[in-house]
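Report on the structure given below.
The values are calculated or read from the model by the stated rules, or taken from the named source; none is laboratory data. A quick note: this is a predicted structure, and the numbers were derived from the prediction, not measured. Cβ placement follows ideal geometry from the backbone for every residue including glycine, while neighbour counts extend to all protein chains displayed.
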Amino acid sequence: MMTKGTALAPLQHIRSMLGKTRTASTALVAVVLLGSSLTLSACGAQQAGAAAIVNGSAISDKDVQTASLQLATLATAQQQQKVSTRLVLLNLILAPYVIAEADRTGKGVSAAQARKAIPKVANPSPALIDFVRMQLAIPSLSQASKNSILTKLSKANITVNPRYGTLDAKQAALAPTSPDWIKASTSTVAP
């Protein structure tokens with residue numbers, strides 16, 4: 001321990017300054033990283049691992065992928081065409097609105113009924129159950145109910161991960177996102 005008025009040897013002085021510099025640089029790095037993460041998190045409503053966020057509730061990539069794989073298994077067993085992940089996500093975005101409207105009009109489909117419709121899928125995920133409930137309920141809805149769903153959908157705060165497309169709430173569709181950030185090269189390389 002140093003007392004007031006004690007001189008440091010040159011090497012001790014350098015070590016002392018390096019220690020302070022390391023502490024200051026470590027603190028600076030921590031502040032920069034914290035600021036960067038806060039800035040990046042403010043860039044949009046997208047959450048890590050989310051395929052979409054509907055009124056603050058995330059639909060995870062994992063849920064979309066799991067439901068897609070389970071549907072692919074079902075499609076293969078029934079010799080039908082596979083459902084794209086984009087279509088699965090669209091259905092998962094629509095599901096709460098369709099299920100609520102079907103329940104409201106007395107035409108709801110229970111989770112048990114959905115499970116009976118997909119007996120070849122062992123342990124269906126909650127996302128797949130919602131997908132099936134929506135698919136079973138929507139044909140029974142009137143045009144007025146479907147219009148009500150579209151109205152609610154257009155007023156909802158929905159953010160879709162660009163890799164799945166862009167939501168057209170008026171049409172209840174996900175259009176593919178064009179990668180406009182990738183430009184074709186117009187220059188040629190001379191041999």
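For this structure, a couple of remarks:
Residue-wise test of (1) under 25 Å from SER142 (Cα atoms); (2) without any contact (Cβ under 8 Å) to a residue 40 or more places away in the chain.
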| site | (1), (2) |
| --- | --- |
| VAL54 | yes, no |
| SER57 | no, yes |
| LYS62 | no, yes |
| GLN70 | no, no |
| SER84 | no, yes |
| ASN91 | yes, no |
| ALA100 | yes, yes |
| ASP103 | yes, yes |
| LYS107 | yes, yes |
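- The range 100-117, subset buried (at least 20 other Cβ atoms within 10 Å of the Cβ) and either in contact with a strand residue (DSSP E or B) (Cβ under 9 Å, 6 or more places away or on another chain) or not small (Gly, Ala, Ser) (or both), residue nearest to VAL160 (Cα to Cα): GLU101
- A single member of ASN123, ASN147 is among the polar types (S, T, N, Q) and under 20 Å from LYS62 (Cα atoms), and it is ASN123.
- Residues satisfying the stated conditions in the range 118-157, i.e. among the small types (Gly, Ala, Ser), loosely packed, with under 11 Cβ neighbours inside 10 Å and farther than 29 Å from THR73 by Cα: ALA144
- For the range 115-129, the set of residues classified as without any contact (Cβ under 8 Å) to a residue 40 or more places away in the chain, out of contact with any Pro (no Cβ under 8 Å at 6 or more places or on another chain) and assigned to a helix (DSSP H, G or I) consists of LYS116, ALA117, ILE129, listed by residue number.
- Selected residue (criterion: modelled with the lowest pLDDT) from residues of the range 130-168 that are of a type in the set (A, V, I, L, M) and part of a loop (DSSP other than H, G, I, E, B): ALA156
- Residue that is modelled with the highest pLDDT, among those in the range 46-81 that are farther than 29 Å from ASN157 by Cα and of a type outside the set (Val, Ile, Thr): ALA72
- Selected residue (criterion: nearest to ILE53 (Cα to Cα)) from residues of the range 74-113 that are assigned to a loop (DSSP other than H, G, I, E, B) and charged (D, E, K, R): LYS82
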